[in-house]
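See structure below.
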Amino acid sequence: MSESVVDLRSDTVTKPTAAMRRAMAEAEVGDDVYREDPTVNRLEARAAEIFEREAGLFVPSGTMGNQTAIKVHTQPGREVICEERAHIVNHEMAMMAAFSGVLARTIRAEDGILSWGLIAPQVRGRSDHRARTGLVEIENSSNLAGGSVYPPAVADEIVDRTHAAGLPVHLDGARIFNAGVALGRRPAELTRKFDSVMFCLSKGLGAPVGSMLVGSKEFIEEARLVRKMLGGGMRQAGVLAAAGRVALEDSPKRLHFDHDNARFLAEGLAEIPGIQIDPAKVVTNILFLDVSETSLTSFEISKRLAAKGVLANGVTPTTMRMVTHYDVDRAGCERALMVLREVLSVPARAVVV
Ligand SMILES: *Cc1c(COP(=O)(O)O)cnc(C)c1O
């Protein structure tokens, strides 16, 4: 892909920085299934330290991290309570059913932000008819609900009340560092009550590959076995962990640029006729825009943008997502707005989906 492409499809598209590539080239490695890779061990210890937890585990992807946690926390035949737009239910290949034998009990919440008030009526104990709840899961920041963040007190109450009901809570914190920046809180403060936390090194933090699980020593020991079941036992994984270590140390301090750029984009988009977006709701690096009044589908807009070097995905026929990250600067955002204006001023042509 040429340098001049503005890629707003996802923060997964970032390329490793020069510092990451250097660290990868120089990484000290060993066999991580034997726990002998010093670079992986350091990454896991550092993640545990940052999150103020006993232990951490390096996993190849966020999906593997989430599904590993679900497997450890549940038994077949139970339900996992989560928001309707949760990544675990929409973007993880029905793996909670295929691998853990559990069903999702989804709840629709405004901006994807659940509350104990919404969760409580769905928590089931022993019954002659209904599946028992096995786990509650929340996502912070949300992905498909527009990068929204949980007010810390709301998340804390969910965990406390769920624990009081005798159940564990998993946090899909793929972008917990973005949530932390938006709230001005350290990740440990936002996550300490959860039984397990998954976060991604490969999203806004910019590492080429990898996510982390953090939790108690006991949880991580179980998760290590499940990771192996899934084929996630890696050998000289230090070459990947080395980039992850750089991502973990260096990247959180620049995420605010991505948030500023997302807000800048949102404000520019709000001024384009036919586009609907509330810039006040853009608090991290993800935004959704409604294109239903443009006479083009999101997919057609996406195609026309791509022809002019701007990449953004249609999510539904009437909504598109844009995500800012390390490899998109302010000039790129300005260009995206300019190109979108050009694309939309093309004489309207009815498009049938
Ligand atoms: C990206 C993401 C994941 C993990 O995705 P992988 O592509 O498997 O690394 C999990 N949860 C959320 C909310 C995400 O955005």
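Each reported figure results from applying straightforward, stated rules to the coordinates on display, with no laboratory input. For clarity, every value in this text was computed on a predicted model and none was experimentally measured. In this analysis, Cβ positions are derived from the backbone assuming ideal geometry, glycine residues included, and neighbour counts consider all displayed protein chains.
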From the Cα gyration tensor of the chain, with a ≥ b ≥ c the square roots of its eigenvalues, which class applies: rounded if a/c is under 1.5, or else prolate if a/b is larger than b/c, or else oblate?
oblate
Arranged by the count of other C-beta atoms within 10 angstrom, fewest first, what order do 222, 54 take?
54, 222
Eligible lysines near residue 193 by straight Cα distance, threshold 19 Å, same-chain separation 8 or greater
217
Can you list the residues, at least 5 places off or on another chain, whose amide H is less than 5 Å from the amide H of residue 31, using H built in the peptide plane?
36, 37
Please state the shape class of region 98-211: rounded when a/c is under 1.5, otherwise prolate if a/b exceeds b/c and oblate if not, all from the C-alpha gyration tensor.
prolate
Report the calculated FRET efficiency for residue 278 and residue 28 (r = Cβ-Cβ distance, R0 = 45 Å), to the nearest 0.05.
0.40
Spelling it out for residue 59: with amide H atoms placed in the peptide plane at 1.01 Å from N, the residues 5 or more places away or on another chain with amide H under 5 Å from its amide H are 211, 212, 213
Theoretical ellipticity at 222 nm over the chain - DSSP helices of four or more residues, -39500 (n - 2.57) apiece, nearest 500
-12000 deg cm²/dmol
What does the charge dipole of region 144-199 about its Cα centre add up to, to the nearest 20 debye, if the Cβ of each Lys and Arg holds +1 and the Cβ of each Asp and Glu holds -1?
160
Name the residue farthest towards the positive end of the dipole of the chain from the options 23, 10, 70, assuming +1 on Cβ of Lys and Arg, -1 on Cβ of Asp and Glu, about the Cα centre.
70
Using +1 on the beta carbon of Lys and Arg, -1 on that of Asp and Glu, and nothing else charged, what's the dipole of the chain about the Cα centre, debye to 20?
460
Angle, helix 238-250 long axis vs. longest principal axis of the chain, Cα atoms, 0 to 90°, nearest 10?
70
Sorting 91, 163, 209 by the position of each Cα along the dipole of region 87-221 (Lys, Arg +1; Asp, Glu -1; all at Cβ), the one nearest the positive end of that ordering is 163
Which distance in nm do the two modelled labels at residue 91 and residue 118 give, with both placed 7 Å along the Cα-to-Cβ direction?
1.8
Beta bridge orientation in the chain: antiparallel %, DSSP, nearest 5
55
Hey, which aspartates and glutamates would be in cross-link range of residue 15, C-alpha to C-alpha under 20 Å, not counting anything within fewer than 8 residues on its own chain?
3, 7, 26, 249, 250, 258, 327, 329
Relative contact order of the chain: what whole-number percent is it, with Cα pairs under 8 angstrom and at least 6 residues apart?
24
For region 25-126, shape from the Cα gyration tensor axes a ≥ b ≥ c, cut at a/c of 1.5 then a/b versus b/c, turns out prolate
When a footprinting reagent is the concern and you count Cβ atoms within 10 Å, what order do 256, 325, 170 take, fewest first?
256, 325, 170
For 322, 93, 20, order by how many other beta-carbon atoms lie within 10 Å, fewest first:
93, 20, 322
